[in-house]
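Okay, so here's the structure we're looking at.
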Amino acid sequence: MYGDIHSKLAEAQRLAAETEAEAVSEDGAVRVVAGPGGDVRIIDLRMNAFELSGFELGEITTAAVKAATDEADRELSEAIRRTLADVFAAEREERQ
């Protein structure tokens, strides 16, 4: 059983490293690719981003970062839940 747990934990670590989500602002000016836990990997500004004020660009970028990291967190949480579900089910069965 412990070997299975270790392999599942290794899988969860791999998922955490590989999970990515993308968010694009409504006007397409900002594109963000992020991983879970606030791991911003790419911020891509299109030419129309430079037509915005600094304040507007900051707000749009912040919203895109939040959307991308929130989605990556959700995706990782679901993937880990699926990966570890059978481990926890087996543990519950052993207790009964």
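Structure values in brief
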read-out: For region 50-64, 3J(HN,Hα) per residue [Karplus equation, 6.51 cos²θ - 1.76 cosθ + 1.60, θ = phi - 60°, Hz, x = Gly/Pro]; value: 7, 8, 7, 6, x, 5, 4, 4, x, 5, 5, 5, 4, 5, 5
read-out: Peptide ranges 42-49, 30-37, 61-68 listed from the most packed, as the mean C-beta count within 10 angstrom indicates; value: 30-37, 61-68, 42-49
read-out: Distance (nanometres) between label positions extended 7 Å along Cα→Cβ at Glu26 and Phe55; value: 1.8 nm
read-out: The chain, helix-only ellipticity at 222 nm - DSSP H runs n ≥ 4, -39,500 (n - 2.57), divided by all residues, nearest 500; value: -22000 deg cm²/dmol
read-out: Rounded to whole Hz, the Karplus (6.51, -1.76, 1.60) HN-Hα couplings of region 71-76, x for glycine and proline; value: 5, 4, 4, 5, 4, 5
read-out: For region 1-66: relative contact order, % (alpha-carbon pairs under 8 angstrom, 6 or more apart); value: 27 percent
read-out: Where labels lie 7 Å past Cα in the beta-carbon direction, separation of Ile43 and Ser77 in nm; value: 2.5 nm
read-out: Length released on extending from Ala85 to Lys66, taking residue separation times 0.36 nm less the Cα-Cα span; value: 4.1 nm
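Taken together, the values in this text are just the output of simple stated rules run on the coordinates, not laboratory data. Given the structure is predicted, the values throughout are model-derived calculations rather than measurements. Please note: Cβ atoms are built from the backbone with ideal geometry, for glycine as well, and neighbour counts cover all protein chains shown.
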